[in-house]
Amino acid sequence: VAQKARASQNTLFKPKRLTLEKVYRQFIKIAKSTGTGSQRIKNGLIQNLLVSAVDCEPQFLVRSLQGKMRIGLGEETVMASLAH
């Protein structure tokens, strides 16, 4: 449903494509955001990621944020591999 709705959306300019580095940095910012106003900041960061996402990327972003990747690897293994 969301992908169909997104297909009909128009933006003033085309956002830059997502890179693994950009997604990782945004996830770190989301994880480290605490205190007053952190919910608003997190929402903005997630929204920016989703606006830049194309094709099946939004699905994987949402799954990653929910911790439901279903890839058969532990979260620690994935985080360790991304850190290197």
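Each reported figure results from applying straightforward, stated rules to the coordinates on display, with no laboratory input. Since we're looking at a predicted model, the values are computed, not measured. Ideal geometry is used to build each Cβ from the backbone, glycine not excepted, and the neighbour counts take in all protein chains shown.
Summing charges over all other residues whose Cβ lies under 10 Å from the Cβ of S33, with Lys and Arg as +1 and Asp and Glu as -1, gives +4. Taking label positions 7 Å along the Cα-Cβ direction at both Q47 and F60, the computed distance is 2.5 nm, reported to one decimal.
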